[in-house]
Amino acid sequence: MPLKEVKNEALDELDLKIIEALKNNSRSKVSDIAKNLRKPRTTIMQRIKKLEERGVIRKYTVDINPQSLGFNYYAYIMIKVRKGVGVKLDQIQLARKIVNETRSRNDLPLVEEASIVTGAYDIILRAWVRTWEELSKFLLKYLPSIEEVESTETFMVLQKEPQNT
């Protein structure tokens, strides 16, 4: 693997292999990583600690399969934000509002991510929905009820390729 620069400090091949192992399974035991990489356990522990201190590794998470929770459809929803006098929320505030509300309400899609973007639209939502009715309600009732939403365009994902593992 080639060297990569992070905050002017190079990551070497061992760092990249450790990162890859943790990306594949953040619950991997240090001893298992050390064994697979044929390195001493203490070396791997020290490297992981340095990667955490440098901010390369920010957190360890759980990757939940939305389909196992009943979310059957995946969509990208583009939002054009109304701008001008009297508008209460900017793009960032609006994106946070949508994410927070969809995570706290059971009748709305699961918005995994909201990104502020350039171009014809201002926000892109990455969302999972349970049913077509849920998506319709979200697009025809929920989003239009927000004053700052000027328009939307939705792209349904027909096939999602699995992550490299």
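Of the cross-linked pairs Lys29/Lys59; Lys29/Lys50; Lys80/Lys137; Lys17/Lys50; Lys50/Lys160, those separated by over 24 Å at the C-alpha level are Lys50/Lys160. Amide H contacts under 5 Å for Val117: Ile123, Ile124, restricted to partners 5 or more places along the chain or on a different chain, H placed in the peptide plane at 1.01 Å from N. The stretch between Glu147 and Lys83 holds 22.0 nm of extra length on full extension. This uses 0.36 nm per residue minus the Cα-Cα distance. Here Lys97 is the anchor, and the aspartates and glutamates within straight C-alpha reach of less than 20 Å, apart from those fewer than 8 places off in the same chain, are Asp107, Glu112, Glu113, Asp122, Glu134, Glu147, Glu148, Glu150, Glu153.
FRET efficiency for the pair Ala120 and Asn72, taken as 1/(1 + (r/R0)^6) with r the Cβ-Cβ distance and R0 = 35 Å, rounds to 0.75. A simple rule links phi to the HN-Hα coupling: the Karplus curve 6.51 cos²θ - 1.76 cosθ + 1.60 with θ = phi - 60°, which for the range 104-121 gives 9, 10, 7, 9, 10, x, 8, 8, 6, 7, 10, 10, 7, 10, 9, x, 5, 10 Hz, with x for Gly and Pro. Remark: the range 147-156, residue by residue, has Karplus-estimated 3J(HN,Hα) of 3, 6, 7, 7, 7, 9, 9, 10, 10, 7 Hz, where x stands for each Gly or Pro and the curve is 6.51 cos²θ - 1.76 cosθ + 1.60 at θ = phi - 60°.
Please state, as a whole number in µm²/s, the translational diffusion coefficient that the Stokes-Einstein equation yields for the range 45-113 at 20 °C and 1.002 mPa s, with Rh defined as the Kirkwood radius across alpha carbon pairs. It comes out at roughly 137 µm²/s. The phi-based Karplus calculation (6.51 cos²θ - 1.76 cosθ + 1.60; θ = phi - 60°) puts the 3J(HN,Hα) values of the range 48-64 at 4, 4, 5, 5, 5, 4, 7, x, 5, 9, 9, 6, 10, 10, 10, 9, 8 Hz, whole numbers, x for Gly and Pro. Summed over all non-identical Cα pairs, the Kirkwood treatment of the chain gives a radius of 18.9 Å. Charges were assigned to the Cβ only: +1 to each Lys and Arg, -1 to each Asp and Glu. The resulting dipole of the range 91-165 about its Cα centre is roughly 240 debye.
Just so you know, all these numbers are worked out from the coordinates, no wet-lab data involved. Bear in mind the structure is a predicted one, so any value in this text is a computation, not a measurement. Positions of Cβ are generated from backbone atoms using ideal geometry, with glycine treated the same way; all protein chains shown enter the neighbour counts.
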